[in-house]
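Chemist: Structure in structure tokens, see below.
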Amino acid sequence: MFKTVAILGIGNMGRAIAEGIGRSPDMKNADIILYNPHAHKAEGVAANLGNCARIASTPGEAVQEANLVIIAVKPKIVSSLLEEIKGNLKQDAILLSVAAGVTLKQMEVAVGEDRKLVRAMPNTPAVVGAGMTSLTPNEHVSTEEISKIEELFSSFGRAEVVDEYLIDAVIGVSGSSPAYVYMFIEALADGAVASGMPRDKAYVFAAQTVMGAAKTVLETGEHPGKLKDDVCSPGGTTIAAVRALEERGFRSAVMEAVMTAAEKSQEMSKKQVNVNQFTK
């Protein structure tokens, strides 16, 4: 797939990507090069990956041989990092950024309009191999290359190619939404505890049920509304609970949360990472 992959930044997402690549059968012979300013984080991930991973002492060293370079650092330092590595990139290397708010245009300004660039937005369940990632390539990335990247990111969850204008919506529905789901699981468990269930069991029942419901949507292809109706017996406990949720604005609250996150993403793109930062 990719002979050499460089990952710059080994935080939660960088680690998830590195370990996902390490689990991929198609990448078993790949060389994975890790760089992190605090070397101990890279060392820990490299130890888990075994012989396929090695640590670079500088970003420039990390990218010299890489066919795929993954930028997994904070948005505020992307500009300086791109400036540091652009002279070391192979001409045909693909540069992929998971930094929120950094657009393809900003990356082109930094490293050149002729470069192969991909903007990706994974989410934190990638750390357990269950992430959801959006992929947005520029025009220089071939269909075959983006298919390979899609396969790579699917090794730790699912991946979908989307147009760049949809990324704010992706952040609302996927990038930020694990937090909403954790709140829902916590609330389910609290309700169970209030009804007499021990808390440790309540978390297991709640989390497994959420996971099972999500899997049912994905694997059956049925509309969520139909699946909800299938659980609601006339005059039963479930429809009574659904009524309680509707009375308290559950559906509207979730919609507002997604839209608020998307709006905040738009705001961050304009304020946090200004295109002038990428102009030298």
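Chemist: All but one of (1) under 11 Å from L8 (Cα atoms); (2) of a type outside the set (D, E); (3) touching a strand residue (DSSP E or B) at 6+ places or on another chain (Cβ under 6 Å) hold for A53; which doesn't?
Modeler: (1)
Chemist: Now a separate question. In region 21-46, what count of residues is obtained for those that are at pLDDT 85 or above and either surrounded by 11 or more Cβ atoms within 10 Å (Cβ to Cβ) or assigned to a loop (DSSP other than H, G, I, E, B) (or both)?
Modeler: Total meeting the criteria: 15.
Chemist: Can you tell me which residue within region 144-183, out of those that are surrounded by 15 or more Cβ atoms within 10 Å (Cβ to Cβ) and of a type in the set (F, W, Y), is nearest to A253 (Cα to Cα)?
Modeler: Out of the qualifying residues, it is Y180.
Chemist: For region 24-79, how many residues are touching a helix residue (DSSP H, G or I) at 6+ places or on another chain (Cβ under 7 Å) and of a type in the set (G, A, S)?
Modeler: Qualifying residue count, region 24-79: 7.
Chemist: Exactly one condition in (1) within 22 Å of E263 (Cα to Cα); (2) surrounded by fewer than 20 Cβ atoms within 10 Å (Cβ to Cβ) is not met by G101; state its number.
Modeler: Failed condition: (2).
Chemist: What's the number of the condition A46 fails, among (1) within 16 Å of A6 (Cα to Cα); (2) of a type in the set (G, A, S); (3) touching a residue at least 24 places away in the same chain (Cβ under 8 Å)?
Modeler: (3)
Chemist: Another question, then. From the list L117, L104, L152, L95, pick out the single residue that is modelled with pLDDT under 95 and within 17 Å of N67 (Cα to Cα).
Modeler: Answer to the check: L152.
Chemist: Same structure again: Pairs, please: C-beta under 9 Å, at least 6 apart or cross-chain, first residue assigned by TED's automatic domain parsing to the domain that holds V254 and free of Cβ contacts under 8 Å to residues at least 24 places away in the same chain and in region 179-203, second among the aromatic types (F, W, Y) and in a helix (DSSP H, G or I)?
Modeler: E186/Y203; L188/Y203; L188/F205; A189/Y203; A189/F205; A192/Y203; A192/F205; M197/F205
Chemist: Next question, about the same structure. Among the numbered conditions (1) within 22 Å of the chain's Cα centre (by Cα); (2) surrounded by fewer than 20 Cβ atoms within 10 Å (Cβ to Cβ), tell me where L188 comes up short.
Modeler: (1)
Chemist: Considering every residue within region 137-154, establish whether at least one is of a type in the set (A, V, I, L, M, F, W, C) and under 22 Å from V210 (Cα atoms).
Modeler: No, region 137-154 contains no residue that is of a type in the set (A, V, I, L, M, F, W, C) and under 22 Å from V210 (Cα atoms).
Chemist: Taking the residues in region 105-129 that are of a type outside the set (V, I, T) and surrounded by fewer than 16 Cβ atoms within 10 Å (Cβ to Cβ) as candidates, determine which candidate is nearest to E263 (Cα to Cα).
Modeler: Restricting attention to region 105-129, the residues satisfying the condition of being of a type outside the set (V, I, T) are 105-108, 110, 112-117, 119-123, 125-126, 129.
Subset that is surrounded by fewer than 16 Cβ atoms within 10 Å (Cβ to Cβ): 105, 112-114, 129.
On the way: K105: 20, G112: 29, E113: 28, D114: 31, G129: 28 Å.
Of everything passing the filter in region 105-129, K105 is nearest to E263 (Cα to Cα).
Chemist: Then there's this: Looking at this structure, is T133 within 28 Å of F250 (Cα to Cα) and surrounded by 16 or more Cβ atoms within 10 Å (Cβ to Cβ)?
Modeler: Considered against the rule, which asks whether it is within 28 Å of F250 (Cα to Cα) and surrounded by 16 or more Cβ atoms within 10 Å (Cβ to Cβ), T133 comes out as yes.
The values are calculated or read from the model by the stated rules, or taken from the named source; none is laboratory data. Keep in mind that this is a model prediction, so the values were computed, not measured. Here the Cβ is made from the backbone with ideal geometry for all residues, glycine too, and neighbour counts use every protein chain on show.
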